[in-house]
Amino acid sequence: MSLTWLKAFHLVAQEGSFTGAATRLRVSQPTVSSHVKALEQYFKVELFFRRGHQIELTPFGRSLFAITAGLFGHEEEAMTMLRSANNFEEGQLRLGAVGPFDVMALMGELNRKFSRMKISVSLGSAHNVLQQIIEYQTDVGLLGRDPENALYYCMPFRRHKVVVITNRGSSLAKKRRGSISIKELSGENMIVREAESTTRQAFERACRAAKVSPNISLEINSREAIVQAVAIGLGTSIIAETEFMHHPDLKVLELNDADVNVNSFMVCLSERRNRPIIRAAFDVAAKMSAKVKSPDRVAQ
């Protein structure tokens, strides 16, 4: 009976509601509530804070969920593998990413190759993506850095050039050139992402190497908000070239004397890297990466 209680707890924690867990278990909501209540009463613990219709895991509940994620995550993975034993191309792949650009490119290629594969995408911070991978809620993640942890299998995916974006009315834009020296950013009011941003870190390394000291005037944790801030003339910023969408009030400038790049990485649990559907995703990504690096592609 305690395993039934645990399963009910796990699904409530995973779904964020008793109703969602009931749907997954195909039982009534009161049944799920009674299972969780029985678990709490039998072991004399509190697993959820209940605030009206809202629930939140207690610290003890979060610790227990970390364990049940592995326990029932393996069960769900086993069922997925069995269902797709004859043809993994009809299986389901859950992707997580810190931004939309690389993951959409990968999803497009997977759709072309495996048209019957069901693919879902969720966006979040690197911490959230890795946590979802651990909890078996995400199969493959696309991150801006290697987690450098043996728990994960990590493969370099793509490399993107970092460019400068500035308002068309700025002094930089009025120089009527498509590129600038990094030294021309000395003293420039710069709008940047948070300190953990790989784009910001790459830019700051290049500045230190060139002995340039830009003025960090604004720090914003949203790429879209930074673009808008530059568009209305609050400063200049840097962005991965592939992430920039055309804007009538912005001008893109390349750095002609500094090689500033950011990398993206594909990540999954090391123990799951050879699961058929995950291995297929990594194979497709490896071929995409090879095409980008090939001399013929560059020549075009």
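The values are calculated or read from the model by the stated rules, or taken from the named source; none is laboratory data. Since this is a predicted model, take the numbers as computed values, not measurements. Note that we place each Cβ from the backbone using ideal geometry, even for glycine, and neighbour counts take in every protein chain shown.
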Notebook entry, point to check: Mind checking whether some residue in region 256-278 is surrounded by fewer than 19 Cβ atoms within 10 Å (Cβ to Cβ) and of a type in the set (Gly, Ala, Ser)?
Noted result: yes
Check: What are the residues in region 216-241 that are assigned to a helix (DSSP H, G or I) and surrounded by fewer than 17 Cβ atoms within 10 Å (Cβ to Cβ), if any?
Finding: 224, 225, 228, 231, 241
Notebook entry, point to check: Which of (1) in contact with a helix residue (DSSP H, G or I) (Cβ under 8 Å, 6 or more places away or on another chain); (2) within 24 Å of residue 171 (Cβ to Cβ); (3) free of Cβ contacts under 8 Å to residues at least 40 places away in the same chain is the odd one out, the single condition residue 257 does not satisfy?
Noted result: (3)
Margin query: I need the strands (runs of 3 or more DSSP E) fully contained in region 1-118, keeping only those with at least 3 residues that are surrounded by 14 or more Cβ atoms within 10 Å (Cβ to Cβ) and either of a type outside the set (Ser, Thr, Tyr) or at pLDDT below 90 (or both).
Written below: 92-97
Next item on the list: Could you give me the residue pairs with C-beta distances under 7 Å whose first residue belongs to region 1-30 and is in the same structural domain as residue 56 (by TED's automatic domain parsing) and without any contact (Cβ under 8 Å) to a residue 60 or more places away in the chain, whose second residue is of a type in the set (Asp, Glu) and in a helix (DSSP H, G or I) wherever it lies, and which are 6+ apart or on separate chains?
Entry: 21/15; 24/15
Check: Can you tell me which of 158, 193 is surrounded by 14 or more Cβ atoms within 10 Å (Cβ to Cβ), over 20 Å from residue 218 (Cβ atoms) and of a type in the set (Lys, Arg)?
Finding: 158
Next item on the list: Return the total of residues in region 128-148 being touching a Gly at 6+ places or on another chain (Cβ under 7 Å) and more than 18 Å from residue 276 (Cα to Cα).
Entry: 4
Note to self: Would you confirm whether or not region 219-232 contains a residue that is in contact with a Lys or Arg (Cβ under 6 Å, 6 or more places away or on another chain) and either among the β-branched types (Val, Ile, Thr) or not assigned by TED's automatic domain parsing to the domain that holds residue 130 (or both)?
What the structure shows: no
Check: Which ranges mark the strands (runs of 3 or more DSSP E) fully within region 134-215 that have 2 or more residues being in contact with an Asp or Glu (Cβ under 7 Å, 6 or more places away or on another chain) and not assigned by TED's automatic domain parsing to the domain that holds residue 107?
Finding: 152-167
